[in-house]
Amino acid sequence: EAMMDMDVKPKPSQPHWYERYVQPCVAELLGSTLFIFVGCLSSVEDTEGTGRLQPALVHGLALGSIVAILADV
């Protein structure tokens, strides 16, 4: 009965090497690639009259969405 009174706390497990080293690098690569790709597309498809507004909005929205998607990593 004395053994039942003791609280057994499991040791916190260390993250796997993949989660610690590879996953953040892949997320950074994916985020940068999407950001540059979307930014280049916004300047290629530039219409008359938008000037600098369209690329600025596209970069801002792309950065916000990439941060929201990859924030957990």
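Scanning region 27-59 for residues that are open to solvent by 70 Å² or more (accessible area, probe 1.4 Å) and in contact (Cβ under 8 Å) with a residue 40 or more places away in the chain returns a single hit, L30. The number of residues in region 60-72 that are in contact (Cβ under 8 Å) with a residue 12 or more places away in the chain and open to solvent by less than 60 Å² (accessible area, probe 1.4 Å) comes to 3.
The values are calculated or read from the model by the stated rules, or taken from the named source; none is laboratory data. Owing to the predicted nature of the structure, the values given are computational and were not obtained by experimental measurement. Methodologically, a virtual Cβ is constructed for each residue, glycine included, from the backbone with ideal geometry; neighbour enumeration extends over all protein chains shown. Surface accessibility is based on the protein's heavy atoms, side chains included, excluding ligands, DNA and RNA. Shrake-Rupley method; radii C 1.70, N 1.55, O 1.52, S 1.80 Å.
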